[in-house]
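What follows is a single structure, written as structure tokens, with notes after it.
The values are calculated or read from the model by the stated rules, or taken from the named source; none is laboratory data. Since the structure is predicted, the reported quantities are computational estimates derived from the model, not experimental observations. FYI the Cβ positions are ideal-geometry reconstructions off the backbone, even for glycines, and counts take in every protein chain you see.
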Ligand SMILES: Nc1[nH]c(=O)nc2c1ncn2[C@H]1C[C@H](O)[C@@H](COP(=O)(O)OP(=O)(O)OP(=O)(O)O)O1
């Protein structure tokens, strides 16, 4: 089968930036995931995050989204991944293609709480509910939760099905 990912990487060389953050407990055994209640990925369990707004840095957006979506103030975090997502069949009026900057949150202030957008819950790192998460998560989330850093690209046929992927472990994520 022809590789289509390089075509998408070239065609969409400038992707919109989005943040995604997983809070991790001090002993590394629990991770906070949340049910997305509206918009893109509605009904899926995911980390916390959203679009970087104009004039905002990635870090500003990370902190703002964490505060807006679960009411906690992020104090310490680490960048662990950068993932490009391409969709083969996006409706012409919607651009789902995006670059997701992935962080682990190490310290925060305030108890995570439910908002209009997300309902958070603590989960065992060893028992991630992958069947309720995005299809790509099983390929990279266990890696970053075990201390690895990754750069990856995924091409989706539709919101449920991956057609191609590329995952590279790196020492530092830009
Ligand atoms: N394939 C995928 N796998 C994954 O694990 N997370 C993904 C993903 N595709 C997108 N995400 C994450 C990134 C980001 O945190 C979230 C999408 O953010 P949204 O588009 O909902 O942004 P906003 O919260 O800014 O939305 P609005 O306020 O509704 O405009 O989903």
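With respect to the conditions (1) closer than 30 Å to residue 10 by Cα; (2) within 13 Å of the ligand (Cβ to nearest atom); (3) exposed (fewer than 14 other Cβ atoms within 10 Å of the Cβ), residue 91 falls short on a single one, namely (2).
In this structure, is residue 28 away from the ligand (no atom under 13 Å from the Cβ), modelled with pLDDT of 95 or more and over 24 Å from residue 136 (Cβ atoms)? Judged against the criteria, residue 28 is not a match.
Scanning the range 127-174 for residues that are more than 15 Å from residue 85 (Cβ to Cβ), in contact (Cβ under 8 Å) with a residue 60 or more places away in the chain and more than 14 Å from the ligand (Cβ to nearest atom) turns up 148, 149, 173, 174.
If you check residue 115 against the conditions, is it touching a strand residue (DSSP E or B) at 6+ places or on another chain (Cβ under 7 Å), at negative phi and within 15 Å of the ligand (Cβ to nearest atom)? Please lay out each step first, then the result.
On the way: touching a strand residue (DSSP E or B) at 6+ places or on another chain (Cβ under 7 Å): no; at negative phi: yes; within 15 Å of the ligand (Cβ to nearest atom): yes.
Here the answer is no, as residue 115 does not meet what is asked.
Those residues that are surrounded by 13 or more Cβ atoms within 10 Å (Cβ to Cβ) and more than 13 Å from the chain's Cα centre (by Cα), I need them from the range 36-51; list them, please. Answer for the range 36-51, where residues must be surrounded by 13 or more Cβ atoms within 10 Å (Cβ to Cβ) and more than 13 Å from the chain's Cα centre (by Cα): just 37.
Does residue 80 satisfy the criteria of being more than 10 Å from the ligand (Cβ to nearest atom), under 19 Å from residue 174 (Cα atoms) and crowded, with 19+ Cβ neighbours inside 10 Å? Please lay out each step first, then the result.
Values: more than 10 Å from the ligand (Cβ to nearest atom): yes; under 19 Å from residue 174 (Cα atoms): yes; crowded, with 19+ Cβ neighbours inside 10 Å: yes.
Considered against the rule, which asks whether it is more than 10 Å from the ligand (Cβ to nearest atom), under 19 Å from residue 174 (Cα atoms) and crowded, with 19+ Cβ neighbours inside 10 Å, residue 80 comes out as yes.
So which residues in the range 56-66 are surrounded by 19 or more Cβ atoms within 10 Å (Cβ to Cβ) and away from the ligand (no atom under 13 Å from the Cβ), if there are any at all? Correct list: 63 only.
This table checks each residue for (1) closer than 30 Å to residue 11 by Cβ; (2) under 18 Å from the mean Cα position of the chain (by Cα); (3) more than 15 Å from the ligand (Cβ to nearest atom).
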| residue | (1), (2), (3) |
| --- | --- |
| 68 | no, yes, no |
| 86 | yes, yes, no |
| 101 | yes, yes, no |
| 122 | no, yes, yes |
